[in-house]
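Asker: Here you go, one structure.
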Amino acid sequence: MRFGFDIDDTLINLREHAFHIYKKKLNNNLAIDVFHAIERVEIHEPFGLTDEQGKSMWNLSLEEIYYTDCPIFPGALETLQRLEERGDEIYYVTARPKEHGERTKQWLTERGFPVHHDRFFYGMQDHEKVHIIRKLQLDYYVDDKPTILHTLKDNKTKLYLKDQSYNRHLDEFPRIINWTDRLF
Ligand SMILES: [Mg+2]
């Protein structure tokens, strides 16, 4: 089987990691409950930043957000390793910017993720993921963003949504709440 995975907030807990980085940088001791209540992908609002300031904060912090010790969701690494061991093909489809593709690959490899260089796609916009996923004829695809899964609905790929505070209002896709649940 051919499995496709988004990376950020699907396999690794990037937004929460970024939330802690923002707290330090902005010297703001917001409680983690505040993070869990955010109903959009962007995390800047509780820090009192405008969308524009939030965007700039994200871009200025990107190096630290991407390449420090962002936690992997429990069970995600083991799930992918198990799929690799049983002979399934694993593809990564991430909208991380082009200049971060190779280092992201290396970061994942160092943490034990099974990465094949010809099965790693990056640098596209969210709405362009659909073209890659169609071309790859994936059997399964997992992402945290419902807008991306919507673009794939008429495809034969089985779609799974990684549960997040900003997608809980939707019930049209099967949901991965814990990777330890061994859905695949
Ligand atoms: Mg994502």
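Coordinate-derived values only; no laboratory data. Since the model is a prediction, treat every value here as computed from it, not as a measurement. Because the Cβ atoms are built from the backbone with ideal geometry, glycine has one as well, and the counts that use them run over all protein chains shown.
Asker: Tell me, Kirkwood radius of segment 14-67 from alpha-carbon pair distances, in Å?
Answerer: For segment 14-67, the Kirkwood estimate is 11.1 Å.
Asker: To continue, here is another question. Mind telling me which of Ile90, Ile65, Ile21 comes out most flexible in a GNM of the chain, alpha-carbon contacts under 10 Å?
Answerer: Ile21
Asker: Grab the other residues whose beta carbon is less than 12 angstrom from that of Lys156, score K and R as +1, D and E as -1, and report the net.
Answerer: After counting each charged neighbour, the total is +2.
Asker: Something else now. Just list whichever of Lys129/Lys162; Lys129/Lys153; Lys98/Lys158 have alpha carbons separated by over 23 Å in the model shown.
Answerer: Cα-Cα > 23 Å for Lys98/Lys158; rest within.
Asker: Would you please give the FRET efficiency between Lys156 and Asp88, computed as 1/(1 + (r/R0)^6) with r the Cβ-Cβ distance and R0 = 25 Å, to the nearest 0.05?
Answerer: Efficiency, rounded to the nearest 0.05: 0.90.
Asker: Something else about it: Once you've got the GNM for the chain with C-alpha springs shorter than 10 Å, pick whichever of His20, His169, His131 has the biggest mean-square fluctuation.
Answerer: Per the Cα network of the chain with a 10 Å cutoff, His169 tops the list.
Asker: Between Phe120 and residues 5 or more places away or on another chain, which pairs have amide H atoms under 5 Å apart, with H built 1.01 Å from N, and which residues are they?
Answerer: Sorted by chain and number, the residues that satisfy this are Tyr92.
Asker: Taking 2.2 N^0.38 Å as the expected size of a compact globular protein, what ratio does the Cα radius of gyration of the chain give against it, to two decimals?
Answerer: After normalising by residue count via 2.2 N^0.38 Å, the value is 1.02.
Asker: Next up: Taking the chain as the reference, fit the longest principal axis to its C-alpha atoms, fit the long axis of helix 51-67 to the helix C-alpha atoms, and give the angle between the two in degrees, 0 to 90, nearest 10.
Answerer: Roughly 60 degrees, rounded to the nearest 10.
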